[in-house]
Structures are given as structure tokens and as C-alpha cells.
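Step one of this worksheet: look at the structure below.
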Amino acid sequence: MSNNNNDGASAVTSAGTVHSEAGHGSLVVEDLQAWYGRFRAVANLSLTITPRAVTAIIGPSGCGKSTFLRCINRMHEVARGARAAGKVLLDGDDVYAPDADPVQVRRHIGMVFQKPNPFPMMSVYDNVVAGLKLAGVKNRAMLDEVAERSLRRAALWDEVNDKLNNSGAALSGGQQQRLCIARALAMEPQVLLMDEPCSALDPVATSKIEDLIRELRQNYTIVIVTHNMQQAARVSDHTAFLLLDEDRAGRLVEYGPTSQLFTNPQDRRTEDYITGRFG
Amino acid sequence: MSRPAASAPPMRAAFVQPPRPSPFNRNASSGSARSRYLVDGVMRGLIVSAAAAGVFLLLVILLYVVVRGLPALNLDFFTQRPLPYGEVGGGVAPALLGTLEMLTVASLLGVPIGIGTAIYLSEYGRGPFASIVRFVVDLIAGLPSIVVGVFVWALMVRHVVGNYNGLAGSVALAIIMIPIVTRTVEEMLRLVPDTYREAALGLGLPRWKTIMAVVLPTARAGLITGVVLSMARAGGETAPLLLTALGNQFFSADLLAPMAALPVQIYNYAVAPYDDWHTKAWGSALVLILVISLLSLATRLSTRNTLGER
Ligand SMILES: Nc1ncnc2c1ncn2[C@@H]1O[C@H](COP(=O)(O)OP(=O)(O)OP(=O)(O)O)[C@@H](O)[C@H]1O
Ligand SMILES: [Mg+2]
């Protein structure tokens with residue numbers, strides 16, 4: 001796919017520059033709402049996510065960050081009683097269009113979860129190519145190539161190339177998380193969603209993942225939920241701040257270039273939150 | 001928790017460091033600590049004796065069956081058919097084959113239905129229909145096996161086939177197996193963390209593939225336990241077989257004819273008034289135990305996870 005050949009162009013992107021390239025994972029969220037049963041967790045959220053850049057979602061616990069993230073690739077509706085409304089346009093195509101297949105949507109918008117979750121009954125190799133293999137790809141040479149490329153992109157190849165046949169669950173936590181990233185990358189998504197990918201990791205593993213995120217943003221649109229504001233400042237180009245409103249639904253308070261949001265927040269509540277004065 | 005000893009003198013010469021009693025000292029003179037150790041000891045004793053009693057009972061039964069059954073075991077016992085009433089000699093070969101055949105057919109019928117029902121209940125089952133299914137499964141699990149036997153007799157022996165037959169026996173055993181498989185497997189599938197399902201769905205796998213490729217393999221050990229448990233249970237059933245497969249003194253692999261089975265054979269040998277036949281009943285019981293142990297072993301080995309062996 002087109003992910004390989006554009007490194008030069010997007011590498012020079014500085015924080016805050018908005019791309020206009022189409023077809024490279026631009027996301028436009030329009031008036032998104034999400035419910036769990038009758039409880040509305042996300043209310044009227046609209047924002048435009050820059051392609052090939054890292055967008056961080058921050059906000060206090062329970063404000064709907066994960067819910068919002070899972071709405072983007074239609075994982076939200078997997079939960080019992082969960083429902084979403086609104087539009088999420090990936091390169092102009094609405095993932096919530098009546099004829100859109102959530103399975104296809106998820107192949108274009110990959111996801112990495114909070115807890116590393118490699119498939120425990122599969123080897124490292126099988127974990128990486130699980131998505132392709134189960135989608136019917138049988139060509140061994142191709143699978144080998146994808147496995148190596150994905151592991152290299154996830155900065156894991158050097159550590160696991162001699163244990164490809166070992167269980168994926170036998171790696172360290174940080175390696176497991178990078179394995180999960182490799183597994184998502186193997187599907188060649190345009191967008192990578194990450195829900196607190198470092199919260200279960202130690203500082204060394206965390207900084208490896210952060211390096212990786214900075215690396216990956218050259219080729220992928222990344223949306224990352226994080227509780228760690230330093231992390232948001234370190235890795236992201238744009239930051240969205242969510243907060244609960246009066247009826248306990250999450251709302252977008254402020255969205256802008258990360259440097260601006262952290263140094264010169266426009267909204268009083270953002271300032272309170274990032275300076276730790278938040279009640 | 002232990003408190004620091006209250007009697008410690010508050011002041012001491014700075015350079016003299018007497019051995020300070022550990023605040024976690026288990027011999028602390030506090031009365032509450034002593035009674036805590038006592039209760040702990042008593043509880044531990046009770047639990048250990050309960051476990052020991054269970055193991056002891058099991059060992060006694062096993063040992064007794066081995067001691068009484070071993071004299072019956074010889075080549076004839078495994079290769080010959082039972083002799084006419086009262087005669088000394090003969091074996092249980094037809095019963096051995098019949099049990100294996102009926103268990104196989106019953107597993108082919110019951111295991112897919114049981115696992116399918118379990119998948120439905122654990123992965124899809126919501127709303128009133130799932131409640132009904134769960135209720136029915138529990139109901140069947142609670143049915144006395146003789147009732148299952150009577151039902152299959154009325155249906156298959158009286159009507160569909162017209163005589164006692166091995167297929168009816170297999171169906172009866174399958175009905176007994178289904179709720180056991182369903183309940184065990186459902187529990188095991190529920191133990192598979194949702195994070196694995198999410199990981200697979202997040203890769204763009206359809207639901208059914210997620211279940212087949214990720215959920216079931218992850219619960220593999222549990223599935224096997226469920227299947228083995230149900231086979232062990234069905235393999236020992238006697239009452240429903242008396243009403244369906246009936247038993248047979250002769251070799252017969254015909255599913256539509258009466259078929260011998262080990263539990264039925266045990267019953268027939270045991271109720272006869274001959275010592276030799278009683279020994280044969282013990283021998284058959286021993287063989288039944290062996291068959292079921294071998295079956296579980298074979299199931300476990302044949303589905304063993306090959307990961308990480310290289
Ligand atoms: N499966 C669920 N069923 C019902 N309510 C849910 C479910 N998951 C989340 N919620 C509710 O939705 C709201 C938003 O949850 P969400 O997980 O999106 O918050 P979050 O911002 O990711 O929080 P955290 O930072 O703690 O991860 C919360 O009030 C939560 O209780
Ligand atoms: Mg969350």
C-alpha cells in the first residue's frame with residue numbers, strides 16, 4: 001500500500017501543520033455521539049484529525065476518551081447495548097454509512113489496546129500475521145515478508161527474530177505491546193488507534209513505544225489516548241481535551257496544536273486540567 | 001495486623017542497640033495473634049483433611065476394583081465373548097467394542113451440539129431465547145438418566161427402529177453428554193478475557209472467525225476437560241443403555257441391532273450367582289476405568305498444543 005513510499009514528504013511535517021493530502025488516513029468526525037444503553041458517554045463531538053500526525057486525546061477518567069476512540073473504528077458497538085450516531089469520515093468515506101461493513105472499517109483503522117493482548121495460543125510469527133492468515137492469505141513467502149516488515153516497523157524484529165516460533169505470551173510486557181502494534185501494522189491500516197498503550201509498561205518500555213509512535217507517524221495517522229500529559233506533549237502534534245459536561249456526557253473542550261494547547265490554552269478548563277488544578 | 005510491642009521502653013542509650021523484636025514476630029505475646037494462629041491452624045487442618053478424605057476414598061475404590069478385578073484379566077477376557085449363563089471363562093470383548101462404538105457415535109452427536117450451544121450461550125446468547133436455552137440445558141442436566149433412557153426407548157426403540165439398538169444407546173448417551181459439555185465449555189469460554197476477542201475484532205476479523213481462531217483455541221484445555229468429563233460420565237451409564245442398546249452376548253458392530261456395553265456387562269455379571277462371574281464383573285469395572293482413562297489421555301494428547309516445543 002501507499003504507506004511505504006511517502007516517508008520524505010511527511011517526515012518534514014512540523015507539529016501543527018495540517019496536511020491536505022487525501023487518501024492517507026484523514027479523519028473527520030462530525031457530531032459523533034455514543035451511548036451505553038441509555039447512558040450517553042460522548043456528546044456531539046466534532047473534530048478533524050490530521051493525516052500522518054499524532055493526535056492525543058486527554059481528559060479526566062471517565063470522560064469518554066476510550067469510547068470516542070472505539071467509535072472511530074466501530075469497536076464501540078461490540079460492547080453490550082452500545083450504540084453510536086454521527087459521522088466518521090475516513091478519507092471522505094463515512095464508516096457509519098448504512099452500507100459500511102464494520103469488519104472492513106477495522107481493517108483500515110487498526111487498534112492497539114491498553115493491556116498488551118497477543119493471542120496466547122499463537123507464536124510470535126502467527127500473532128503478527130494472524131489478521132492476514134485468517135483473512136485467507138496463504139502465500140507463505142508473502143506472510144514471511146509481512147511478518148518481518150511489520151516487526152521491523154514495530155522496532156521488535158531485532159529482539160524476536162530468533163524466537164518467532166515461541167509463544168507471543170512469553171515476551172516481556174513492552175515487547176508484547178510492540179507485538180500488538182506489529183500485528184495491527186500487518187493489516188496495512190491507514191489509521192492506528194491506541195488506547196493508553198503504555199499504561200501497563202515501565203518507563204524504558206514506554207520510551208521505546210513513544211519512539212516508535214514518533215517513527216510511525218511518518219506513515220500512519222495515529223490517535224492516542226493517554227493519561228500522561230508529558231507523554232501527550234512528547235509524542236503528539238495535536239491534542240484534544242475532553243471533559244464531562246453537566247449531564248455526564250463527554251464533550252470536546254479544546255482541540256489544537258499540542259504546543260499551543262499546553263503553553264497557551266484557550267479554555268479555562270483546559271488550563272486547570274493541564275496545570276493539575278482540575279477538581 | 002501486628003502492632004509494635006507496646007511494652008518497648010521509650011528511651012535507650014543511643015549506642016546500645018539491643019536486638020529489637022521484629023514487629024512481625026510470630027511469637028508476639030499478644031493474645032489476638034495467638035488465637036489467629038490457632039484459627040489458622042484449625043482451618044488449615046480441616047481443609048487438608050477434607051482433601052485427604054477425598055483422595056483416600058478414591059484410592060480405596062480404585063485399589064479395591066484393581067484387587068478384585070485383576071484376577072479376571074487375561075487375554076481371553078479381552079478377546080472372547082461372554083459365555084452362556086453359568087459357564088466359566090469367556091470375556092467382555094463385545095462389550096468393550098460396543099462401549100467404544102457407542103461412545104464414539106455419542107461424542108460425534110453430542111460434542112458438536114454441546115460446544116455449539118456453549119458458543120451460542122457465551123458469545124451470542126442474550127435476551128429471552130438464550131434464557132430458554134440455558135433453562136433447557138439445566139433441565140436436561142438434572143434429568144435422571146433412566147428418564148433419558150425411557151424417552152429414547154419410546155422414540156427410537158418402539159418407533160423409529162423397532163427393536164433395541166446401539167444407535168438408540170448412542171443417542172441416549174449423547175443426550176446425557178450435551179448438558180455436561182455445554183455447561184463446562186460455556187464456563188471455559190467465559191473465562192477467555194474479552195481483550196482477546198477485541199484484539200481479533202480490531203484486526204478486522206468477523207465474529208465467527210474470532211470465535212473459531214481465537215476464543216476456542218484459547219479455551220482449548222477447558223474444551224477438552226468438558227468433552228472428557230462428558231465421555232467419562234456417559235461411558236459409565238447403565239440404566240439408559242438397558243432400555244436402548246439392551247446388551248448383546250455376541251459380537252455386533254451394527255448400530256441398528258442390540259449392542260453390548262461394559263456397564264451393562266458389569267450389571268449382568270454382577271447379578272449372576274456365580275463367583276467366576278462376580279470376578280468378571282470386577283474385571284469389567286477395571287476395564288471400564290481403564291477405557292475412560294485411556295480416552296481422556298488420548299483426547300489430551302491428540303489435541304496437545306504444539307506451541308513452543310521447537
Ligand atoms: N461497557 C460499558 N458499559 C457501560 N458503560 C460504560 C462502558 N464502558 C464505559 N462506560 C461508561 O462510559 C463513560 C466513558 O467511559 P470511557 O471508558 O470512555 O472513559 P475514559 O475517558 O476512557 O476513562 P479512563 O481514562 O478511565 O480510561 C464512563 O462513565 C463509563 O462508566
Ligand atoms: Mg479509557
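Of note:
- Selection of the range A:237-269 for residues being within 16 Å of ligand 1 (Cβ to nearest atom) and closer than 29 Å to A:VAL204 by Cα yields A:THR239, A:ALA240, A:PHE241, A:LEU242.
- Selection within the range A:61-71 - open to solvent by 10 Å² or more (accessible area, probe 1.4 Å) and either within 13 Å of chain B (Cβ to nearest Cβ) or more than 6 Å from ligand 1 (Cβ to nearest atom) (or both): A:SER66, A:ARG70
- Comparison of A:ARG38, A:ARG74 shows that the only residue that is open to solvent by 10 Å² or more (accessible area, probe 1.4 Å) and either of a type in the set (Asp, Glu) or within 14 Å of another protein chain (Cβ to nearest Cβ) (or both) is A:ARG74.
- Cβ-Cβ contacts under 7 Å between residues 6 or more apart (or on different chains), taken from a first residue in the range A:178-205 that is away from every other protein chain (no Cβ under 13 Å) and more than 16 Å from A:LYS65 (Cβ to Cβ) to a second residue that is open to solvent by 30 Å² or more (accessible area, probe 1.4 Å) and more than 16 Å from ligand 1 (Cβ to nearest atom), are listed as A:ARG178/A:ALA155; A:LEU201/A:GLY173; A:ALA205/A:GLY173.
- Total residues in the range B:148-166, condition closer than 22 Å to B:GLY116 by Cβ and surrounded by 23 or more Cβ atoms within 10 Å (Cβ to Cβ): 1
- All helices (runs of 4 or more DSSP H) inside the range B:193-284 with 3 or more residues being open to solvent by less than 50 Å² (accessible area, probe 1.4 Å): B:194-202, B:220-235, B:239-244, B:262-271
- Filter result for A:HIS238 (within 16 Å of ligand 2 (Cβ to nearest atom) and away from chain B (no Cβ under 14 Å)): no
Rundown of residues vs (1) within 14 Å of chain A (Cβ to nearest Cβ); (2) at pLDDT 95 or above; (3) under 20 Å from B:LEU243 (Cβ atoms), yes/no style:
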{"position": "B:GLY90", "(1), (2), (3)": "no, no, no"}
{"position": "B:GLU101", "(1), (2), (3)": "no, yes, yes"}
{"position": "B:ALA106", "(1), (2), (3)": "no, yes, yes"}
{"position": "B:ALA118", "(1), (2), (3)": "no, yes, no"}
{"position": "B:SER131", "(1), (2), (3)": "no, no, no"}
{"position": "B:VAL152", "(1), (2), (3)": "no, yes, yes"}
{"position": "B:HIS159", "(1), (2), (3)": "no, no, yes"}
{"position": "B:SER170", "(1), (2), (3)": "no, yes, yes"}
{"position": "B:ILE176", "(1), (2), (3)": "no, yes, yes"}
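- Taking the range A:85-122 as the range and being surrounded by 21 or more Cβ atoms within 10 Å (Cβ to Cβ) and among the polar types (S, T, N, Q) as the test, only A:ASN117 passes.
Every residue, every condition in (1) surrounded by fewer than 20 Cβ atoms within 10 Å (Cβ to Cβ); (2) within 20 Å of the chain's Cα centre (by Cα); (3) at positive phi; (4) of a type in the set (A, V, I, L, M), yes or no:
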position: A:GLN218; (1), (2), (3), (4): yes, yes, no, no
position: A:ASN228; (1), (2), (3), (4): yes, yes, no, no
position: A:HIS238; (1), (2), (3), (4): no, yes, no, no
position: A:LEU242; (1), (2), (3), (4): no, yes, no, yes
position: A:ASP245; (1), (2), (3), (4): yes, no, no, no
position: A:ARG251; (1), (2), (3), (4): yes, yes, no, no
position: A:ASP267; (1), (2), (3), (4): yes, no, no, no
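- Pairs are defined by a Cβ separation below 6 Å, a sequence spacing of at least 6 or placement on different chains, a first member in the range A:34-61 that is in contact (Cβ under 8 Å) with a residue 12 or more places away in the chain, and a second member that is assigned to a strand (DSSP E or B) and among the aromatic types (Phe, Trp, Tyr); the pairs so defined are A:LEU47/A:TYR255; A:ILE58/A:PHE241; A:GLY59/A:PHE241.
The values are calculated or read from the model by the stated rules, or taken from the named source; none is laboratory data. What you see is a predicted model; the values in this text were computed from it and never measured. Note that each Cβ is placed from the backbone with ideal geometry, even for glycine, and that neighbours are counted across all protein chains shown. Protein only, heavy atoms only, side chains kept; ligands, DNA and RNA dropped before computing areas. Shrake-Rupley method; radii C 1.70, N 1.55, O 1.52, S 1.80 Å.
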